[in-house]
Amino acid sequence: MLEFTQMRLDLDPAAFFDEFHPRIFRYVASATGAPGADVDDLVQETLLHAWRNRAQFRGESSLLTWVLSIARNRVRMRNRALGKKAEVGAALREIEREELPRDLLRSEELAAALRRALDGLDPQHAELLLRRYFGGESVRTIAEALSESEKAVESRLQRAKQALRERLVEGGDDEL
């Protein structure tokens, strides 16, 4: 094993990855308690980031310390993202009820995520959701305005809510 203080950054990427992978893997696994596949992903992201940004290493600490600090930041970012996704998930469960949860509308981040997701929906789905949950119109009022039965509007609302849920959960908001 190379000495971390003497390790040259001009090694090939494979040697760099081989050198740091075991220690970074142990750190990420213990810091997150995540499943192995998630740990592997974080380790790969960390090592790739370190390799691509190796010119920023100033030598003020050991190379291992520097790479571990990148891993620590990746773990923090993951935890923050999981927290936001958990909030969105809780809000999505609330969508099953008649009204959108007020918490969702009060949180600036969640409201922004909701706006982005609505922008990505089929315009007819977005219109129904906006009329019902933001405009406060009853199903009956929407049905009359669209010359449809209440059952048809309820059915379309369910599909619109499902589309919104999928848009939020499955990557409609990459920043979460």
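Rundown of residues vs (1) modelled with pLDDT of 85 or more; (2) out of contact with any Phe, Trp or Tyr (no Cβ under 9 Å at 6 or more places or on another chain); (3) part of a helix (DSSP H, G or I), yes/no style:
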{"position": "M1", "(1), (2), (3)": "no, yes, no"}
{"position": "T5", "(1), (2), (3)": "no, yes, no"}
{"position": "L9", "(1), (2), (3)": "no, no, no"}
{"position": "A14", "(1), (2), (3)": "yes, yes, yes"}
{"position": "D18", "(1), (2), (3)": "yes, yes, yes"}
{"position": "I24", "(1), (2), (3)": "yes, yes, yes"}
{"position": "Y27", "(1), (2), (3)": "yes, yes, yes"}
{"position": "S30", "(1), (2), (3)": "no, yes, yes"}
{"position": "V39", "(1), (2), (3)": "yes, no, yes"}
ask   = Are any of the residues in the stretch 44-64 more than 19 Å from the chain's Cα centre (by Cα), in a loop (DSSP other than H, G, I, E, B) and at pLDDT below 60?
value = no
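The values are calculated or read from the model by the stated rules, or taken from the named source; none is laboratory data. Computed from a prediction, not measured in an experiment: that's the story for all the values here. Cβ atoms come from the backbone with ideal geometry, glycine included; neighbour counts cover every protein chain shown.
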